[in-house]
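The values are calculated or read from the model by the stated rules, or taken from the named source; none is laboratory data. Remember, predicted model here, so these are calculated numbers, not experimental data. Positions of Cβ are generated from backbone atoms using ideal geometry, with glycine treated the same way; all protein chains shown enter the neighbour counts.
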Amino acid sequence: MKLILTQEVGGLGAPGDVVVVKDGYGRNFLVPRGMAIAWTRGGEKQVTQIKRARKVREIRDLGHAQQVRDELQGLAIEVRAKAGDGGRLFGSVTTADLASAIRSAGGPLVERRSIELSSAVKSVGKHNARVRIHPEVVATVTFTVTAE
């Protein structure tokens, strides 16, 4: 089955790539989750639009990725969440929460999919997360969870 990826899929490709996958993988996993669309001649126009949008957001080169890493590591990031008396959160801090906190702290736009939490964040205090900026550059970000 020939598909056009609309999102980054680990081990398969980036948005805008045309890939050939087994029918079941495409029909049962990629297409229903919105990660890919069926390839057609009209879809080729969508490929150029997807690639153009990706190029605008993409880190230019390794040097630029290192600058973004240094900028991220220098930020004071605070995530506010509802917590009980003992400092235990009602729920947990998600990668989407962290991405918006990075943006509000004055950092660069980071996609939630590029953020990796080692374990679920369910208490107030300092925590670490990894942000994959470039295939060769990973930033370790320290953030503080405070109670609302």
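Number of residues in the stretch 1-30 that are over 23 Å from Ile115 (Cβ atoms) and out of contact with any Leu (no Cβ under 7 Å at 6 or more places or on another chain): the value is 11. Only a single item in (1) at pLDDT below 90; (2) touching a helix residue (DSSP H, G or I) at 6+ places or on another chain (Cβ under 7 Å) is not met by Glu58, and it is number (2).
Here is a yes/no grid of residues against (1) surrounded by fewer than 18 Cβ atoms within 10 Å (Cβ to Cβ); (2) under 24 Å from Thr6 (Cβ atoms):
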site	(1), (2)
Ile50	no, yes
Leu75	yes, no
Ala105	yes, no
Ala129	no, no
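Taking each residue of the stretch 95-108 that is at negative phi and not assigned by TED's automatic domain parsing to the domain that holds Ala120 and looking for partners that are surrounded by 19 or more Cβ atoms within 10 Å (Cβ to Cβ) and not aliphatic (A, V, I, L, M) with beta-carbon atoms closer than 8 Å, six or more apart or interchain, yields nothing.
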